[in-house]
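The values are calculated or read from the model by the stated rules, or taken from the named source; none is laboratory data. The structure displayed is predicted, hence computed values, not measured ones. Here Cβ is always computed from backbone atoms with ideal geometry, including for glycine, and neighbour counts include all displayed protein chains.
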Amino acid sequence: MERNKKRKISIIGSTGSIGTQALEVIEKLQDKFEIIALAGGKNSELLKQQAEKFKPKYISSSCEPEKLLGNHNAKILQGEEGLEQICSNRENDIILMACSGRIGLKPTLTAIKNGIDIALANKETLVMAGDIVMREAKKQDVKIIPVDSEHCAIHQCIKDINQVDKLIITASGGPFLHKSIEDMKKATVEQALAHPRWNMGKKITVDSATLMNKGLEIIEAHHLFNIDYDNIDVVVHPQSIVHSAIEYKDGSVIAQLGLPSMHIPIQYAITYPERFEGIKSKSFSFAETARLDFIAPDFEKFPTVKLAYQAGRTGGTSTVCLNAANEEAVFAFLDGKIKLYNIYEITKKMMDEHTVIQNPTIDEIFEVDKKVRELTRAYIQKM
Ligand SMILES: NC(=O)c1ccc[n+]([C@@H]2O[C@H](COP(=O)([O-])OP(=O)(O)OC[C@H]3O[C@@H](n4cnc5c(N)ncnc54)[C@H](OP(=O)(O)O)[C@@H]3O)[C@@H](O)[C@H]2O)c1
């Protein structure tokens, strides 16, 4: 980022948890950014307000274009085509991919094809097509800078991946860390959404309750840092102060610490490699923090993590299946159709029945994604 030049940025998913926090960061660093486009899903009211305040050239949503008419001068785009138009606009220096679920994959590939750097929050993109995305990014010399706090931490710790022995990803443990499996089986949607540390979108919050989020992050880390699954560990750290660590071959461990705020990794990703005071609200104090706990994860209580390791090691469309079945099951849980624990059982069943395609093309990935979603929905309906 050149100090005196504004970085041109677009945000896909500007109305969500990451997107709105990114706009708070940008508001603090107004002289550093120019917003080219903002895109959201159904929350047209918030998108219009954002357009009035931040004056992007384009806005796009999945609603009818009339719903975006308002007191702004942005050109209105719509749906997947709108995302394609934004992500192929080479005015952008960087695009923040902050939508949730599979929606992020196509626009990410389009941006890469157009040589635009990506600040990646949408982990599902790498879970679905990590090999293709990272290969294309390398080919086009595009930077993929992680927004997820754990991967952002690792990004900050690593100098040379060849000297790293393992990655240690921390997990807060979510709302059921100190509850029994029986309590988890009875969990309501409200309890699953009551995350003790992070205020996030519903899908990722449920994933954090089942620890599938950590599973998806293991796969994300494998692709981002090109490291074997055997060299990725998870440790539960309820205070969410140590955001992750790496162990070098000589036994030296480097960790990244900070207060639990997504503003920090978002700002890091969109200003990389520069650093600014920006949104920083408070200095970190070891004395105030006082204690940091670390606990081995309970894979019996949270079997989703094992399932993710299994999918990752199997490779090919196995992770596409994991992601699609889990996402559909999470939606069904949020709709009150199934219990929290069923999410794991359904995802496992879909994975057991899935015929893996190795080295899939992008079309095969989308086909498998669609098929697994249909099968998952049909299975849930019969439960
Ligand atoms: N939240 C966190 O702290 C956090 C941390 C690390 C990683 N992540 C990852 O970041 C991603 C976003 O998470 P989140 O918590 O911010 O989710 P969220 O609050 O649910 O936000 C999702 C965003 O995606 C938008 N969206 C939905 N459908 C869309 C479509 N068809 N086209 C364009 N935009 C669409 C939503 O728009 P509408 O609201 O207008 O429908 C919203 O802006 C996820 O992949 C998550 O795993 C999040």
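Tell me, yes or no, whether the range 206-215 has at least one residue that is assigned to a strand (DSSP E or B), more than 10 Å from the ligand (Cβ to nearest atom) and at negative phi.
Filtering the range 206-215 down to residues assigned to a strand (DSSP E or B) leaves none.
No, the range 206-215 has no match at all.
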Exercise for review: Out of the residues in the range 258-308 that are part of a loop (DSSP other than H, G, I, E, B) and among the aliphatic types (A, V, I, L, M), state the one that is nearest to the chain's Cα centre (by Cα).
Suggested key: Met262
Practice item. Can you work out which of the residues in the range 36-73 that are of a type in the set (A, V, I, L, M, F, W, C) and away from the ligand (no atom under 15 Å from the Cβ) is nearest to Lys6 (Cα to Cα)? Key: Ile36
Check your understanding: Do we find that Gly173 is of a type in the set (Gly, Ala, Ser), farther than 25 Å from Gly315 by Cα and in contact with a strand residue (DSSP E or B) (Cβ under 9 Å, 6 or more places away or on another chain) in this structure?
Key -> yes
Practice item. Find all pairs meeting these conditions: Cβ atoms under 6 angstrom apart; at least six residues apart or on different chains; first residue within the range 193-212 and under 20 Å from Gly19 (Cβ atoms); second residue within 6 Å of the ligand (Cβ to nearest atom). Key: Met200/Ser17; Gly201/Gly16; Gly201/Ser17; Gly201/Ser100; Lys203/Ser100
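Specify which of the listed residues (Glu220, Glu190) is near the ligand (Cβ under 10 Å from one of its atoms) and either of a type in the set (Asp, Glu) or assigned by TED's automatic domain parsing to the domain that holds Ala324 (or both).
On the way: Glu190 fails: near the ligand (Cβ under 10 Å from one of its atoms).
Result of the check over Glu220, Glu190: Glu220.
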Study note, to complete from the structure: Flagged in the range 223-239 as within 16 Å of the ligand (Cβ to nearest atom), part of a helix (DSSP H, G or I) and over 17 Å from Arg102 (Cα atoms), in numbering order, are Leu224
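Taking the range 83-125, which residues are among the small types (Gly, Ala, Ser), at negative phi and more than 8 Å from the ligand (Cβ to nearest atom)? Walk me through it before giving the result.
The initial filter retains those residues of the range 83-125 that are among the small types (Gly, Ala, Ser), namely 88, 98, 100-101, 104, 111, 115, 119, 121.
Next, only the ones that are at negative phi stay: 88, 98, 100, 104, 111, 119, 121.
Scanning the range 83-125 gives Ser88, Ala111, Ala119.
Got a sec? Which strands (runs of 3 or more DSSP E) wholly within the range 36-140 have at least 3 residues that are touching a Gly at 6+ places or on another chain (Cβ under 9 Å) and surrounded by 18 or more Cβ atoms within 10 Å (Cβ to Cβ)? Outline the logic, then answer.
Values: elements: 58-61, 75-78, 94-97, 117-120.
Fully inside the range 36-140 and qualifying: 58-61.
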Revision key, fill the gap. If we ask which residues in the range 331-364 are in contact (Cβ under 8 Å) with a residue 40 or more places away in the chain, surrounded by 12 or more Cβ atoms within 10 Å (Cβ to Cβ) and under 15 Å from Gly312 (Cα atoms), their number turns out to be 6
Exercise for review: Take Ile154 and decide whether it is crowded, with 24+ Cβ neighbours inside 10 Å and modelled with pLDDT of 95 or more.
Suggested key: yes
Study note, to complete from the structure: Apart from one, (1) over 14 Å from Ala153 (Cα atoms); (2) crowded, with 24+ Cβ neighbours inside 10 Å; (3) charged (D, E, K, R) all hold for Lys203; the odd one out is (2)
Check your understanding: Listed residues Ser17, Ser88; which is within 21 Å of Glu136 (Cα to Cα), among the small types (Gly, Ala, Ser) and not assigned by TED's automatic domain parsing to the domain that holds Glu327?
Key -> Ser88
